[in-house]
Structure formats: C-alpha cells, structure tokens
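In what follows, a single structure is set out as structure tokens and then discussed.
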Amino acid sequence: MKIHVWNAFASNNSGSYTIVGRFEKEELAAQAAAELKEVLDAHGVWWEKAYSAMKEHERPSPLDVFIQKHGLTGGENIGVWDDWPSFSGRKPAPDVWAIGHQVFVHHDFTISLPRTIGEFIYAREGRVETELDHAHHPIVSIFEFWKGEHGQEETEKLLAALVDELNAEDGPLVTGIDWNVLPAWKAGHGFGEPVLRMGAAFEDLPAGFTAVERIARGHNLYLAVKVFEAWPDADPLAFLRPSQPPLKRERFDVWLTALGDKPEDVKRLLRDQRPLTYEEVCALQGAEPIAACKWRLRGKAEELASQLRQAGASVEVRPSTVT
C-alpha cells in the first residue's frame with residue numbers, strides 16, 4: 001500500500017485596484033469616463049475569450065488600438081495576465097464612472113490594471129489624485145457634500161434630511177456597507193467647510209457611490225470624494241466619530257453565542273450575510289460569542305436573529321456600540 005501526502009498552502013495574491021482622476025470641467029470627466037469604459041469593457045471581452053479558451057491571445061487588442069489612437073505608451077504586457085483581472089467568476093473588466101469633476105476606475109480582485117488608465121487621464125488634461133494598486137484591506141471613501149450655487153436650504157434642516165436618507169431602509173449606509181468599517185459623518189463648521197463629511201466602506205464601490213451621488217443631487221449638493229485603504233486593526237473613521245447629527249433610529253448588532261446542534265444550517269444561513277472566518281469558528285467552539293452582523297435597523301436585526309434561532313443557534317440582539 002502506498003500513501004501520498006500533500007502539503008499545500010493557499011495564497012491570496014490579488015487585491016483591489018482603484019484610481020481617481022480629476023478634471024477642470026464635469027463634461028470632461030464624463031467624456032473621459034465614457035471613453036475609458038468603452039475600451040476597458042471591450043478589452044475585458046477580448047481577454048475573457050482568450051483566457052477562457054486557454055489559447056494565445058491575438059493582437060492587437062482593443063487596448064492596443066486605444067493606446068495607438070491616443071499616442072500612449074504600449075507594450076506586450078499591457079492589459080494581460082497580471083495587468084488585468086484574470087480570475088474566473090469575477091468581473092471581466094473594471095468599473096468606470098464619473099461623479100462631478102472626478103473619474104473613478106475600480107476592480108475588486110486583480111493583481112493590477114494597465115498604467116494606460118492614468119496616462120490617459122493626463123493626456124486628457126486631467127490629473128491623477130489617487131492610485132491604490134493591489135489593496136488588500138477595505139477601500140474607505142470620504143464624501144464631502146458641498147452647496148452649489150442654488151443650495152439655499154437651511155443647513156440644519158438639510159443635514160437632518162441628508163443623514164436620514166443615507167440611513168434609510170434602502171439607503172447606501174444600510175444596504176451596501178462593509179461592516180468591518182462602520183460609517184460615520186460630521187457636519188461642517190461654517191465658511192470653507194462642506195455641509196457634511198461622510199465616510200464609508202462599500203462592498204460594491206460603484207453602487208455605493210451612485211447611491212450617495214443621487215442623494216446629494218436631490219439636495220442640489222455636489223460631491224468631492226477621497227479614497228484610501230484602511231489600515232488593519234484600526235478604525236479609519238475615528239476622526240468622524242461620534243457621528244453628528246446623531247441617528248434618529250438606533251442600530252443593533254446580532255451576536256451569535258453558539259452554533260447549536262445543526263451548525264451547517266446556521267453557517268448556510270450566515271453565508272447570505274457573510275462567511276465565517278476560521279478564527280470566528282474557533283471562537284464559537286470555545287464558547288466565545290461573535291458578531292454575526294452589525295449596524296442593522298431593529299427590524300432587520302430581529303429578523304436575522306429569528307432565522308438563526310430557528311436553525312438552532314443561540315443568538316442575542318444588542319444595541320450597536322459604535323456611533
């Protein structure tokens with residue numbers, strides 16, 4: 001009898017990529033975003049076709065043609081392999097969108113993206129404000145809400161409405177956040193300050209940004225956005241806490257104290273929220289409680305707690321301690 005033993009180590013060698021460009025005029029930002037989206041979507045189709053068939057890719061690629069058209073710097077490794085999202089089941093191309101004077105390009109799982117993106121922004125007379133290449137921690141976004149020429153609404157009333165909409169049942173700070181970085185906000189302090197600064201880490205960056213922009217425009221406000229990678233084991237939004245103005249409705253966390261006699265049923269339920277980490281499973285086995293989810297409105301927290309109890313878990317609903 002022969003016994004074969006393999007010792008394998010998993011690696012996490014891909015992170016997210018984000019680049020932010022700024023232009024003097026909103027129309028230039030929108031045009032640059034449209035051009036980038038068109039070529040990057042086309043390049044994604046080209047690469048996915050070659051990569052899925054595991055055959056040699058045929059050149060020129062859509063990106064090659066784009067580079068030549070705009071007099072940018074080419075190269076045989078531009079937009080392939082480590083320079084492009086090459087992982088089955090993920091988005092074949094990065095997201096591209098514009099908000100006001102800014103252009104954003106983002107992919108949540110890639111080694112890197114082509115330097116062509118930043119070069120094109122400069123070629124279009126914009127400038128690159130931020131590039132986060134291969135980030136492994138949450139991407140934190142700071143939104144500054146500024147009054148435009150027609151923003152005459154009383155500031156106190158405006159702040160209350162903004163915070164209420166951002167935190168509505170279907171609002172971006174309820175439906176789309178990475179709860180490892182809970183949102184926070186703080187009102188400006190008069191002349192030269194935005195009406196509100198709000199920080200959040202979204203699970204889906206373009207969806208979160210779009211939702212925040214919609215709310216801002218509904219109040220005749222315009223946005224300026226800064227992004228950065230969160231440091232591990234620290235609160236990247238501590239400078240905005242406690243949030244002001246405060247929430248009208250209290251938030252709650254759902255704490256799992258035991259998996260019960262049907263642990264796989266409980267884990268299956270939790271997968272809709274998020275998968276448990278190895279450390280969390282070990283904590284539960286040692287009778288240490290873990291937070292199954294955080295920062296939920298009471299109704300949603302109680303609903304999840306009820307489902308977990310029906311699956312056999314021991315659960316507590318507690319007021320959120322982060323403000």
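The values are calculated or read from the model by the stated rules, or taken from the named source; none is laboratory data. Just so you know, these numbers come straight off a predicted model, no measurement behind them. Every residue, glycine among them, receives a Cβ derived from its backbone with ideal geometry; neighbour counts consider all protein chains shown. Quick note on the areas: whole protein, heavy atoms, side chains included, nothing else; ligands and nucleic acids left out. Shrake-Rupley method; radii C 1.70, N 1.55, O 1.52, S 1.80 Å.
Overview of results
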| quantity | calculated |
| --- | --- |
| Residue within region 289-303 that is under 22 Å from the mean Cα position of the chain (by Cα), closer than 30 Å to Val103 by Cα and aliphatic (A, V, I, L, M) present | no |
| Number of positions in region 77-90 that are in a loop (DSSP other than H, G, I, E, B), loosely packed, with under 15 Cβ neighbours inside 10 Å and modelled with pLDDT of 90 or more | 1 |
| Matching strands (runs of 3 or more DSSP E) fully within region 152-242 where at least 3 residues are under 17 Å from the mean Cα position of the chain (by Cα), in contact (Cβ under 8 Å) with a residue 60 or more places away in the chain and surrounded by 14 or more Cβ atoms within 10 Å (Cβ to Cβ) | 221-229 |
| All positions within region 313-323 that are assigned to a loop (DSSP other than H, G, I, E, B) and surrounded by 15 or more Cβ atoms within 10 Å (Cβ to Cβ) | Ala313, Ser320, Val322 |
| Selection status of Ala93, in contact (Cβ under 8 Å) with a residue 12 or more places away in the chain, hydrophobic (A, V, I, L, M, F, W, C), surrounded by fewer than 18 Cβ atoms within 10 Å (Cβ to Cβ) and closer than 30 Å to Tyr222 by Cβ | no |
| Close pairs from region 56-82: first within 13 Å of Arg115 (Cα to Cα) and touching a residue at least 40 places away in the same chain (Cβ under 8 Å), partner part of a helix (DSSP H, G or I) and open to solvent by 40 Å² or more (accessible area, probe 1.4 Å), Cβ under 7 Å, at least 6 apart | Leu72/Glu119; Leu72/Ala123; Thr73/Glu119 |
| Every residue from region 28-55 that is basic (Lys, Arg), modelled with pLDDT under 95 and part of a helix (DSSP H, G or I) | Lys49 |
| Pairs where the first residue, in region 300-323, is touching a residue at least 12 places away in the same chain (Cβ under 8 Å) and over 20 Å from Asp170 (Cα atoms) and the second is open to solvent by 30 Å² or more (accessible area, probe 1.4 Å) and of a type in the set (Ser, Thr, Tyr), C-beta under 7 Å, 6+ apart | Ser314/Thr257; Val315/Thr257; Glu316/Thr257 |
| Boolean, Ile142 is open to solvent by less than 40 Å² (accessible area, probe 1.4 Å), modelled with pLDDT of 95 or more and in a helix (DSSP H, G or I) | no |
| The listed residue being in contact (Cβ under 8 Å) with a residue 40 or more places away in the chain and either surrounded by fewer than 16 Cβ atoms within 10 Å (Cβ to Cβ) or within 17 Å of Ala301 (Cα to Cα) (or both), out of Asp261, Asp265 | Asp261 |
| Region 103-139, residues that are farther than 18 Å from Ile78 by Cα, buried (at least 21 other Cβ atoms within 10 Å of the Cβ) and touching a helix residue (DSSP H, G or I) at 6+ places or on another chain (Cβ under 6 Å) | Val103 |
